[in-house]
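Remarks on the structure that follows.
The values are calculated or read from the model by the stated rules, or taken from the named source; none is laboratory data. Please read all numbers here as calculations on a predicted model, not as lab measurements. When we count neighbours, we look across all protein chains shown, and the Cβ atoms used for this are built from the backbone with ideal geometry, even at glycine. Surface areas here come from the heavy atoms of the whole protein model, side chains and all, with no ligands, DNA or RNA. Shrake-Rupley method; radii C 1.70, N 1.55, O 1.52, S 1.80 Å.
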Amino acid sequence: MRKLVETVKNIWKIEDLRQRILITLLFIAIYRFGSFVVLPGIDANQLEALRQQTSEGLMALLNAFSGGAFSNASVFALGIMPYITASIVLQLFTIAVPHFQKMQREGESGRRKINQYTRYLTVFILLFQAPAYLINLKMQAGPALNVSIDWTWFMLASTIILAAGSMFILWLGERITDKGIGNGISLIIMIGIIARFPNAFIQELVSRLSSPGAGGLVAFLFEIVFLFLVICFAIMLVQGVRKVPVQYAKRIVGNKTAGTGARQYIPLKVNAANVMPIIFAQAIMFIPITIMQVAGNASWLQPFLDHTSFAYNAVFAALIIIFTYFYTAITLNSTQMAEDMKRNNGFIPGIKPGKPTADFLDKIMDRITLPGSLFLALVAILPAFAGIFGVQQEFAQFFGGTSLLILVGVVLDTLQQIESHLMMRHYDGLLNSGRIKGRSGSY
């Protein structure tokens, strides 16, 4: 406790860091305030059907990412997800499309062009997602719409408002990155998720204490202990890194290497795909619900509508393992890494430069991706196990899945940013020993 108090005092002494934290808190407050500003013409008291729809499944994930704005029919209802989708598409383009590969190699100018294209694609996605959200809003909460408003004009005006709201959130995230403590987009997603925790915590506590046979306070304390263990497990998964040593030559005399430079390391992450496999798998698992809505009642799809069923979780876990290998393969270019090492006179001790180095890196990644994918699948299905043991649906989401991994990753990155500011000014860091590891490894 004393160490924490001293760290807070040190943070407050650094004027630049203090201003960055206060600016970050201000922008977060603006974002949370906007999450409760309802679209014009909507009665917020008649949105119960929409809130019920967003209590589970993919809708619950979207609602969690928006901090409840999705179920509130807020001007920020679409949140930051359209930008995340556009970023993923552009990231895939930089891997598969030669034109975008060339832009990525252009350095800072290329990154600016890719960011510009990402914003254009975000607006394009919003022009489709906003009307789809409004149509769903009319189907789920038709009485909430003001009957005196023309539907066409409402669609047009609300589409512009929703698109502007999402782009404003993007602007807030960029300002947090530039003027605040960094990681603006990730921090906004984390705030949206964690904003639902107090309500879920209180609901779970009340449920355990008031329901007969629910276990009372003892069962609730057991849940908290288990949640703490799951968080520790998630931290290990996020920070897991396999370091591959690389030796660089000091100088080249003729065709021979004269001397060697300092040994460096390539940090290969155990979970290089982060939360992307879970997001992809959840999108696939949402297909049975869509088929049910179009084709009517199909008995063979019923097991896939129950998030606690064995069939659902088995398929879900298998998809996560498959997508982990797929996403790792397309994002980690071992051939490019081997060429870069060879170009800079670097080599892995005991491995020949060129193709043998690329094959060696592929072999290492195959070995560490398997346990990483299994652990990721386990974390993803833990909320289903929590639901089986009677944990409320909203509180069970914090026992694993995308929400937990994002929370852990962003918190570690934010602490690492604060740690860097403290260490640059010769203050003690947040820990007595060692350095904080973010999602990208050790700093």
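Taken together, the residues in region 1-40 that are part of a loop (DSSP other than H, G, I, E, B) and over 20 Å from residue 79 (Cα atoms) amount to 2. For residue 66, the test of being open to solvent by less than 20 Å² (accessible area, probe 1.4 Å) and at pLDDT below 80 is passed.
Cβ-Cβ contacts under 7 Å between residues 6 or more apart (or on different chains), taken from a first residue in region 343-370 that is more than 13 Å from residue 329 (Cα to Cα) to a second residue that is surrounded by 13 or more Cβ atoms within 10 Å (Cβ to Cβ) and basic (Lys, Arg), are listed as 353/342; 354/342. Somewhere in region 192-205, is a residue loosely packed, with under 12 Cβ neighbours inside 10 Å and either modelled with pLDDT of 85 or more or among the polar types (S, T, N, Q) (or both)? Taking every residue of region 192-205 in turn, at least one turns out to be loosely packed, with under 12 Cβ neighbours inside 10 Å and either modelled with pLDDT of 85 or more or among the polar types (S, T, N, Q) (or both).
Quick check: anything in region 6-25 under 28 Å from residue 416 (Cα atoms) and either within 18 Å of the chain's Cα centre (by Cα) or of a type in the set (Gly, Ala, Ser) (or both)? No, because not a single residue in region 6-25 is under 28 Å from residue 416 (Cα atoms) and either within 18 Å of the chain's Cα centre (by Cα) or of a type in the set (Gly, Ala, Ser) (or both).
Among 93, 76, 100, which is at pLDDT below 85, among the aromatic types (Phe, Trp, Tyr), surrounded by 14 or more Cβ atoms within 10 Å (Cβ to Cβ) and under 22 Å from the mean Cα position of the chain (by Cα)? If you could, list the steps in order and put the result at the bottom.
Values: 76 fails: at pLDDT below 85; 100 fails: under 22 Å from the mean Cα position of the chain (by Cα).
Of the residues listed, the single one that is at pLDDT below 85, among the aromatic types (Phe, Trp, Tyr), surrounded by 14 or more Cβ atoms within 10 Å (Cβ to Cβ) and under 22 Å from the mean Cα position of the chain (by Cα) is 93.
Inspect region 27-34 for any residue being farther than 16 Å from residue 282 by Cβ, open to solvent by 20 Å² or more (accessible area, probe 1.4 Å), out of contact with any Leu (no Cβ under 8 Å at 6 or more places or on another chain) and free of Cβ contacts under 8 Å to residues at least 60 places away in the same chain and give the result as yes or no. Yes: one or more hits. The set of residues from region 172-182 being touching a residue at least 12 places away in the same chain (Cβ under 8 Å) and open to solvent by less than 50 Å² (accessible area, probe 1.4 Å) comprises 172, 173, 176, 180, 181, 182.
Taking region 128-146 as the range and being open to solvent by 60 Å² or more (accessible area, probe 1.4 Å) and among the polar types (S, T, N, Q) as the test, the residues that pass are 129, 140, 146.
Among 185, 161, 149, 125, which is the only one that is surrounded by 13 or more Cβ atoms within 10 Å (Cβ to Cβ) and under 30 Å from residue 17 (Cα atoms)? It would help to see each step written out before you state the result.
Details: 161 fails: under 30 Å from residue 17 (Cα atoms); 149 fails: under 30 Å from residue 17 (Cα atoms); 125 fails: under 30 Å from residue 17 (Cα atoms).
Just one listed residue meets the conditions, 185.
Taking (1) open to solvent by 60 Å² or more (accessible area, probe 1.4 Å); (2) closer than 30 Å to residue 215 by Cβ in turn, residue 345 satisfies each apart from (2). Exactly one residue out of 231, 169 is buried (at least 19 other Cβ atoms within 10 Å of the Cβ) and touching a helix residue (DSSP H, G or I) at 6+ places or on another chain (Cβ under 8 Å), and it is 169. All of 187, 217, 162, 145 fail the test of being farther than 17 Å from residue 37 by Cα and either free of Cβ contacts under 8 Å to residues at least 24 places away in the same chain or touching a Leu at 6+ places or on another chain (Cβ under 9 Å) (or both), apart from 217. If the condition is being out of contact with any strand residue (DSSP E or B) (no Cβ under 6 Å at 6 or more places or on another chain) and not hydrophobic (A, V, I, L, M, F, W, C), then region 19-40 contributes 19, 20, 24, 31, 32, 34, 40.
Taken as a whole, the condition of being at pLDDT 65 or above and open to solvent by less than 20 Å² (accessible area, probe 1.4 Å) applies to residue 278.
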